[in-house]
Amino acid sequence: MKLIACGDSWTWGAELFPPGHQNPLTINHNELYFTPEYMEYRLNNRYVKKLSDKLGCNELVDLSMQSISNDAINRFLVEYLASEGYLSGRDTSDLFVSIGWTSLIGRAH
């Protein structure tokens, strides 16, 4: 089974920090996100990895990004599905899609 994960920073795993790491509110996240220690911890502990393991998936396609809009999440997913032939007849019986929509919290109304 193939799991396609698309979504915002929660799907990406931005809130995850290795145990014992300094207070995440006082560090430069842009530098931390790309350290090998952080990347390994994030990739192995975010919910889409746990879901992939639970479902017994043999492939995890990660389309998630930080600071992404719902419109972009939708477009990235549709573009991926089209490029892989899923919108033109490719068998989808072994495909699972997880969408983590972004929140509207903080949006001006």
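Out of (1) 21, 16, 14; (2) 28, 13, 11; (3) 27, 19, 11, which label holds the value of semi-axes √(5λ) of the Cα gyration tensor in Å that was computed here?
(3)
Explain nothing, just the number: relative contact order of the chain, from Cα pairs under 8 Å at least 6 residues apart, as a whole percent.
Computed over the chain, the figure is 49 percent.
Tell me the carbon and sulfur percent of the accessible area for segment 39-109, rounded to whole percent, probe radius 1.4 Å.
52
Pull out a ≥ b ≥ c, the square roots of the eigenvalues of the alpha-carbon gyration tensor of segment 50-107, then state rounded if a/c is under 1.5, prolate if not and a/b is larger than b/c, and oblate in the remaining case.
Taking the square roots of the gyration eigenvalues as a ≥ b ≥ c, segment 50-107 is oblate.
Identify all aspartates and glutamates with a Cα-Cα distance to Lys2 below 15 Å; exclude those on the same chain that are fewer than 8 residues away in sequence.
Asp53, Glu59, Asp62, Glu84, Asp91, Asp94
What is the extension gain from Asn74 to Ile99, computed as 0.36 nm multiplied by their sequence separation minus the C-alpha to C-alpha distance, in nm to one decimal?
Between Asn74 and Ile99, full extension yields 8.1 nm more.
Rolling a 1.4 angstrom probe over the protein heavy atoms, how many square angstrom per residue are accessible across the chain?
Accessible area per residue: 64 Å².
If r is the Cβ-Cβ distance from Asn58 to Glu31 and R0 is 35 Å, what FRET efficiency results, to the nearest 0.05?
0.55
The values are calculated or read from the model by the stated rules, or taken from the named source; none is laboratory data. Keep in mind that this is a model prediction, so the values were computed, not measured. So basically every Cβ, Gly included, is an ideal-geometry build from the backbone, and we count neighbours across all protein chains shown. In case anyone asks, the SASA skips ligands and DNA or RNA and just uses the protein heavy atoms, side chains included. Shrake-Rupley method; radii C 1.70, N 1.55, O 1.52, S 1.80 Å.
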